[in-house]
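Read the structure below first, then the notes.
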Amino acid sequence: MQKAVFNMEPFTCPSCIKKIEQTVGKVDGVRDVRVMFNSGRVRVEFDVAKTSADALQDTLVRLGYPVLSKKVS
């Protein structure tokens, strides 16, 4: 398992959290998604054999949430 933290603009509504958690959570290989509302961070734990941090970033961007930076560990 690998973890990625995506830094984004702070979120403005609780529905953003639900939309991100549901959509990113459905990506094959994603084990856990946590949205930190006030800080604008999204933490994802995923299986590198099934997806990548770049693919997850693309998913966030397609949802309309630009990623300012990411950290993968």
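Looking across 73, 69, 52, one residue alone is surrounded by 12 or more Cβ atoms within 10 Å (Cβ to Cβ) and hydroxyl-bearing (Ser, Thr, Tyr). It is 52.
Here are 69, 39: which of them is part of a loop (DSSP other than H, G, I, E, B), over 10 Å from the mean Cα position of the chain (by Cα) and over 12 Å from residue 20 (Cα atoms)?
Details: 69 fails: part of a loop (DSSP other than H, G, I, E, B).
Going through 69, 39 in turn, the sole match is 39.
Going through segment 28-50 one residue at a time, which ones are without any contact (Cβ under 8 Å) to a residue 40 or more places away in the chain and either closer than 24 Å to residue 12 by Cα or acidic (Asp, Glu) (or both)? Spell out the reasoning first.
The first filter runs over segment 28-50 and keeps only residues without any contact (Cβ under 8 Å) to a residue 40 or more places away in the chain, leaving 28-42, 49-50.
Result: 28, 32, 33, 34, 35, 36, 37, 38, 39, 40, 41, 42.
Checking each residue in segment 6-36 for being under 9 Å from the mean Cα position of the chain (by Cα) and either crowded, with 17+ Cβ neighbours inside 10 Å or among the charged types (D, E, K, R) (or both) picks out 6, 20, 21, 24, 33, 34, 35. Annotation note: Cβ proximity below 7 Å between a residue of segment 51-73 that is within 21 Å of residue 1 (Cβ to Cβ) and without any contact (Cβ under 8 Å) to a residue 12 or more places away in the chain and a residue that is crowded, with 17+ Cβ neighbours inside 10 Å and of a type in the set (S, T, N, Q) (sequence gap 6+ or interchain) occurs for no pair. Among the residues of segment 1-33, those identified as within 16 Å of residue 63 (Cβ to Cβ), in a strand (DSSP E or B) and at pLDDT 95 or above are 4, 6, 7, 30, 33.
Criterion first (out of contact with any Leu (no Cβ under 9 Å at 6 or more places or on another chain) and either part of a strand (DSSP E or B) or of a type in the set (Lys, Arg) (or both)) does residue 50 satisfy it?
On the way: out of contact with any Leu (no Cβ under 9 Å at 6 or more places or on another chain): yes; either part of a strand (DSSP E or B) or of a type in the set (Lys, Arg) (or both): yes.
In short, yes.
Residues in segment 1-40 that are charged (D, E, K, R) and over 13 Å from residue 72 (Cα atoms): 9, 18, 19, 21, 26, 28, 31, 32, 34.
The values are calculated or read from the model by the stated rules, or taken from the named source; none is laboratory data. Since the structure is predicted, the reported quantities are computational estimates derived from the model, not experimental observations. Cβ coordinates were reconstructed from backbone atoms using ideal geometry, including for glycine residues, and neighbour counts include every protein chain displayed.
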